[in-house]
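Any read-out appearing in this document is the output of simple, stated calculations on the displayed coordinates, not a laboratory observation. Predicted model only: the values in this text are computed from it and were never measured. Heads up, the Cβs are rebuilt from the backbone with ideal geometry, glycines too, and the neighbour counts pull from every protein chain shown.
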């Protein structure tokens, strides 16, 4: 605990202790945790190394790659637009984006697109990184494809393709870019499309031995082109998303506004944003109860396309947000947000009036977040 930087309220010391135990290789990587409770930050701590190449320590200004935690933030923008009746989650995507409505996709709703039911999990041909990072080009390319299944009938996680598709719906419906709308939604230090100044503050990603072993195992299982394209976005990304200078360590990826991942932020800013969804936070409340209801109605759950024989547990999805589930229990059955590759997580809990953010630059095969959340739940339940 002595090496943990930052501040916390005394009742939350067990949470900080649980956090410190997640950083097992502080010389190789680090992490940060923030918890906002009833609109006030009660934990803001960090530990370890932001860049093992230089020895730069993690500090209060360190930003980290959010990976798919970015999806939850993007979903908040769509939730606000739905609350304002600028986007109808039950309307066909093709109402806003006519070119999308081909190959049986004409009736797929915006809500089902957000809930990973479109059947566009990967490009159907190999693509270069620059093509994938050109959001509008990539979205048009995906819209012209035949889906892998009848749209809306089942679900499978759209790891990278989700962002360009959702970003295109937003720009077609509003005339404005989703990352720009998010900057107005959340003034905290979190972004879906980083500037050069923000990239200069980012923690350098590295892989733990367990994460590397998981990647080697996946590589052995790649027996067909469709699976390889799904796991690498047509070869644009390395398997596992991270190399020394490539994948999500590449500044081009961090600045592209991919929306599926690649956003940057501090843990404090991530948690503050989620806090503002469920309780007034620094004078802001992002969504009303109606907006939360629109965002969190269950749209996908149980086994998906590739889960035959898988006993679970399975995730549950609203309109782009992960809902609390046996696979992702978080604080209560009302929790919602999004986790990310390597162990990132940001979520809100309306029952406890909590916003939570945990970020790390040491990619893990299994998330360390459950042990931190368990300690937080014990503290809140005892209060």
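Stokes-Einstein, applied to the Kirkwood radius of the chain over Cα pairs at a viscosity of 1.002 mPa s and 20 °C, places its translational diffusion at 104 µm² s⁻¹.
Rounded to 0.05, the FRET efficiency of the residue 146 and residue 378 pair, given R0 = 41 Å and the Cβ-Cβ distance, is 0.25. Apply the a/c threshold of 1.5 to the C-alpha gyration tensor of region 190-229 and tell me whether it is rounded, prolate or oblate. Oblate. Simple spin-label estimate for residue 197 and residue 137 gives 2.9 nm between the two label positions (7 Å along the Cα-to-Cβ direction from each Cα). When only C-alpha pairs under 8 Å and at least 6 residues apart count, what is the relative contact order of the chain, in percent? About 25 percent, as a whole number. Oblate is the label for region 135-284, because a/c, from the alpha-carbon gyration tensor with a ≥ b ≥ c as root eigenvalues, is 1.5 or above and a/b does not exceed b/c.
For region 89-162, taking Cα atoms only, Rg and Dmax work out to 11.5, 34 Å respectively. Take every Cα pair under 8 Å whose residues are at least 6 apart in sequence, average their separation, divide by the length of region 1-123, and the relative contact order is 15 percent.
According to the square roots a ≥ b ≥ c of the eigenvalues of the Cα gyration tensor, what is the shape class of region 148-219, taking rounded for a/c under 1.5, prolate for a/b larger than b/c otherwise, and oblate for the remainder? Here region 148-219 falls in the oblate category. Residues considered: 63, 363, 217. Largest GNM mean-square fluctuation over the chain, using C-alpha springs under 10 Å, is found at 217. First measure r as the distance between the Cβ atoms of residue 371 and residue 243, then evaluate 1/(1 + (r/R0)^6) with R0 = 25 Å and state the FRET efficiency to the nearest 0.05. Efficiency computed from Cβ-Cβ geometry: 0.30. Quick one: angle between helix 69-83 and the longest Cα principal axis of the chain, in degrees between 0 and 90, rounded to 10, please. The two axes meet at around 60 degrees.
Extension gain, residue 102-residue 21: 0.36 nm per intervening residue step, less the Cα-Cα distance, totals 24.1 nm.
Over region 323-369, the Kirkwood radius and the radius of gyration, each from Cα atoms, give a ratio Rg/Rh of 0.98. Between the beta carbons of residue 210 and residue 307, assuming R0 = 25 Å, the FRET efficiency works out to 0.60 to the nearest 0.05. When peptides 310-318, 344-352 are sorted by average Cβ neighbour count within 10 Å, with the highest value leading, the order is 344-352, 310-318. Of the residues 148, 299, 252, the one that moves most in a GNM of the chain with alpha-carbon contacts below 10 Å is 148. Contact order, relative form, for region 51-132: 17 percent (alpha carbon pairs under 8 Å, 6 or more residues apart, mean separation divided by residue count). Here the Gaussian network model covers the chain, with springs between Cα atoms less than 10 Å apart; of 275, 288, 207, 288 fluctuates the most.
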